[in-house]
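One structure is given below, encoded as structure tokens.
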Amino acid sequence: MPKNKEGAKDSVDYKKLKFKCGIEIHQQLSGHKLFCNCSTGMNEEKETLQIKRNLRTSASELGEKDIAAEYETRRKRDFIYHCYKGETCLVETDSEPPHNINEQALETALSVVKSLKLTIPDKLMIMRKIVVDGSACSSFQRTLVVGMESENSYIETQQGKVKLTSICLEEDACKIIRQDSKEVNYSLSRQGIPLLEIRTDPDIKNPEHARETAEKLGLILRSFDNIKRGIGTIRQDVNLSILNKSRIEIKGFQDLRSMPKIIENEVKRLMKLKTIRPEVRKANSDLTTTFMRPLPGAARMYPETDLPLIDPRPISKKLRPTELLTTKLLILEEKHHLDSSTARGIIKKKINFEEFIKKYKNLDARTIAYILVEVPKALKTRENLTPSLHQLDTVIAYLDKGVITKEAVPQVLISLSKHKKLNMNQFKKPDTKQIEQELRHLIKNQPDITANALMGILMKKYRGKIPGKELMHLIKKIRG
Ligand SMILES: [Zn+2]
């Protein structure tokens, strides 16, 4: 018999392959840009200016040229930068010195550093990092290290600890509008948006572990205020190698769910190669990767002389610890025994779950969570209804008082959502004595009737009002 798709899955032994993998998370912050007052909205409503530039590499002080820079020079492409009203000014085009650092962004960054137990340096130095692919109009990107690794700077995952090695606060790069072999069109609306960069050690053991790590860091970041949300606001780069060969960097994951498969496919591709060149590759929607450019050498940086050193102490002293969503998730999973997806649902909806637990003493946590998260999901799919938190609370109260059964919950919510008059009698749990009598009557008329047939008759009448299990129990009791 031919093996099905699942059976044919050839597994990769990541340990044997000496698979090494670390990730970098880039998270945009809200508020204004990092070194000017421009908006971070990226609405691009009114284009004000286009600037054309091209790149010429010069040898560094050490006399060597960066391979990635040379590659870009050889391509001889023009870079065209598009400016937008309210979203770009002379700072982005490097025609004016940077303003002082956005204090709110710095505060958020330090708060993340503190919560993740990295060390805040005594002095923060703003650096210029050379950018060779044109993705910064000024050919450099400002960055500052706000967190350095410490003994306790790691996150716990199901497959062990993943060490966090550094956190930087930096300017986001330009966004590509379109490109071909002759020119790249960049939008300056993104350049300068405050961006947090969190790096891990290569502690990641396999593709699924990479997803878990990225997901966990994303959840941690969502614990903070001033974190941008939505598509494109968080990006992951994966660095990996096998058999101690050259490092490959993959960028542009659209969706964390596809991350493991893309990594697996990349590893399988590398396994077939005799020589591996260090390069940056782009994650594609068909789960493969394609070459983007050679991997740049160690970032060339020099200090930003237009801005002073920053003393982080006045800000770090007043920071209050933030309760991380991962901690909340753990409480929901371990104290209340919710499954991971339901627990995530509670967090996503920002529900004060402890309050529900306190209020409804007759119900267990899982039932409450089920009604708050899973029932609305089903109603959305089946009926396109979105019950409000108030309506959910009303229904939970009915259930808590024993006015309705768990089975009736969806129907009651449908009635409430459609603003129909709610006739509670129609949802009341039927009297079991009455059902028993009905059963006796049915059996008397049709002595050969099967349990399944009886069940069918009862379910037709009582579906949603009494659990099927309870009905079966009654049938067994009466039939013997
Ligand atoms: Zn600006």
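The values are calculated or read from the model by the stated rules, or taken from the named source; none is laboratory data. Just so we're clear, the structure is a prediction, and the values are computed from it rather than from any experiment. Don't worry about glycine lacking a Cβ; one is built from the backbone with ideal geometry, like all the others, and counts go over all protein chains shown. Accessible surface areas use protein heavy atoms only, side chains included; no ligands, DNA or RNA. Shrake-Rupley method; radii C 1.70, N 1.55, O 1.52, S 1.80 Å.
Using the 1.4 Å probe convention, the accessible area of the range 83-222 works out to 38 Å² per residue with neighbouring protein chains retained. In loop segments of the range 223-321 as defined by DSSP, the trypsin sites (Lys or Arg not before Pro) with at most 13 further C-beta atoms inside 10 Å of their C-beta are Arg229, Lys272, Lys274, Lys318. Global size of the range 432-479: 9.6, 27 Å for Rg and Dmax (C-alpha atoms, Rg to one decimal, Dmax whole).
Taking a straight line from the alpha carbon of Lys274, these lysines sit under 30 Å away, with near neighbours fewer than eight places off in the same chain left out: Lys5, Lys9, Lys15, Lys16, Lys18, Lys20, Lys65, Lys205, Lys245, Lys251, Lys261, Lys282. Charging the Cβ of each Asp and Glu at -1 and of each Lys and Arg at +1, and nothing else, the dipole of the chain about its Cα centre rounds to 2260 debye. Against the chain, whose longest principal axis is taken from its Cα atoms, helix 103-115 shows a tilt of about 60°.
Hey, what D do you get for the range 339-448 in µm²/s if you plug the Kirkwood alpha-carbon radius into Stokes-Einstein at 37 °C and 0.692 mPa s? For these conditions, the coefficient is 211 µm²/s. The residues of the range 325-427 expose on average 57 square angstrom of accessible surface per residue, using a 1.4 Å probe on protein heavy atoms.
Across the range 242-298, the fraction of Cα-Cα pairs farther apart than 19 Å, rounded to a whole number, is 25%. In terms of its C-alpha gyration tensor, the range 173-269 has an oblate overall shape, because the principal axis ratio a/c (a ≥ b ≥ c, square roots of the eigenvalues) is not below 1.5 and a/b does not outweigh b/c.
In the chain, Cα pairs under 8 Å separated by at least six residues give a relative contact order of 15 percent.
Principal axis analysis of the Cα atoms in the chain yields extents of 100, 59, 47 Å, listed in decreasing size.
Solvent-accessible area assigned to carbon and sulfur over the range 20-317 amounts to 49 percent, based on a 1.4 Å probe.
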